[in-house]
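The values are calculated or read from the model by the stated rules, or taken from the named source; none is laboratory data. None of these values were measured; they are calculated from a predicted model. Cβ coordinates were reconstructed from backbone atoms using ideal geometry, including for glycine residues, and neighbour counts include every protein chain displayed. For the accessible areas, the whole protein counts, side chains as well, though only heavy atoms, and no ligand, DNA or RNA atoms are used. Shrake-Rupley method; radii C 1.70, N 1.55, O 1.52, S 1.80 Å.
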Amino acid sequence: MTYDVVVDGKTHHLELTKGETTWLCKVDDQEIEVDAALTARDVMSVLVGGKAYEVKRERSLQGEIHLIIGSARYAVDVQDPRSLRTRRATAGTEAGPQKLTAPMPGKIVRILVAVGDEVTAGQASSSWKP
């Protein structure tokens, strides 16, 4: 599973792979082995490098998510790039050049617009032929 996680305004790329007894987490290309267990609703016990942490999730009335680890509190937004809801929420929010990512590898075989053409989210070319 792959996610973009925004923690206190800073975006991190997170890849999770379930092992037999632990999770392999790759955060911004740094691999971390994690043992995690849900101990109560919105409370998780996490073991990283032999050190234990209790992570509590809290939702505000405005729908914001905060994680509390010890006495530290972090504003968190988790975005699944495969989610249509995430794509709709972020479409058109930024101007200028943007990074384009795909949920799976692909190969560009033809570009249907010219350099400098203005495009909109979801725009299709009427001249496109498979």
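In the range 105-124, is there at least one residue being of a type outside the set (A, V, I, L, M), assigned to a helix (DSSP H, G or I) and modelled with pLDDT under 90?
Checking the range 105-124: not a single residue is of a type outside the set (A, V, I, L, M), assigned to a helix (DSSP H, G or I) and modelled with pLDDT under 90.
Please find, within the range 49-64, the residue that is most open to solvent (accessible area, probe 1.4 Å) out of those that are assigned to a strand (DSSP E or B) and farther than 19 Å from Gly9 by Cβ.
For the range 49-64, the residue satisfying everything is Lys51.
Would you mind stating whether Tyr3 is more than 14 Å from Asp77 (Cβ to Cβ), in contact (Cβ under 8 Å) with a residue 12 or more places away in the chain and aromatic (Phe, Trp, Tyr)?
No, not satisfied.
Please work out if Leu67 is open to solvent by less than 60 Å² (accessible area, probe 1.4 Å) and either under 19 Å from Leu14 (Cα atoms) or at pLDDT 90 or above (or both).
yes
Looking only at the range 26-48, filter to residues that are assigned to a loop (DSSP other than H, G, I, E, B) and modelled with pLDDT of 90 or more; which one of those is farthest from Asp77 (Cα to Cα)?
By that ranking, first place goes to Arg41.
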